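The values are calculated or read from the model by the stated rules, or taken from the named source; none is laboratory data. The model shown is predicted, which means the values in this text are computed figures rather than measured ones. Cβ coordinates were reconstructed from backbone atoms using ideal geometry, including for glycine residues, and neighbour counts include every protein chain displayed. Protein only, heavy atoms only, side chains kept; ligands, DNA and RNA dropped before computing areas. Shrake-Rupley method; radii C 1.70, N 1.55, O 1.52, S 1.80 Å.
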Amino acid sequence: MKTCKERVAGNLEDRLEQLKEGELEPLSIDRNVDWDDGEPSYTRIQLSWGGPSDEFRFYKSGKAEYWFLDWNDGACVELTRQQKEVIMDTWPA
């Protein structure tokens with residue numbers, strides 16, 4: 001079986017295509033809090049859960065990532081500006 005690192009880029013492309021075709025809905029959109037200062041550190045758009053699960057994370061710094069997680073393994077890729085725009089045009093978080 002391939003690792004998450006080997007699968008993350010292909011899964012991101014699949015998710016973006018599903019999003020463009022109107023075939024993708026988030027399970028949840030929530031804000032994760034930084035325990036040090038109590039401020040939201042990033043907004044998470046969760047797409048699936050269990051094994052595997054995947055989500056987009058939008059950090060207050062402006063950075064955005066796609067995470068692919070599967071039972072004790074996980075990997076992420078940073079989103080391009082164009083990828084972020086596609087997501088934010090669909091789900092303004």
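The residue pairs whose first member lies in the range 53-82 and is more than 21 Å from Val33 (Cα to Cα), whose second member is surrounded by fewer than 19 Cβ atoms within 10 Å (Cβ to Cβ) and modelled with pLDDT under 95, and whose beta carbons are closer than 6 Å, counting only pairs six or more residues apart or on different chains, are Asp70/Gly51; Asp70/Pro52; Trp71/Gly51.
Of the residues making up the range 70-90, just one is open to solvent by 70 Å² or more (accessible area, probe 1.4 Å) and touching a Lys or Arg at 6+ places or on another chain (Cβ under 7 Å), namely Glu78. The one condition from (1) at pLDDT 95 or above; (2) open to solvent by less than 30 Å² (accessible area, probe 1.4 Å); (3) not hydrophobic (A, V, I, L, M, F, W, C) that Lys5 does not meet is (2). Counted as qualifying within the range 17-69 are the strands (runs of 3 or more DSSP E) with 1 or more residues that are under 10 Å from the mean Cα position of the chain (by Cα) and surrounded by 11 or more Cβ atoms within 10 Å (Cβ to Cβ), namely 40-48, 53-59, 64-69.
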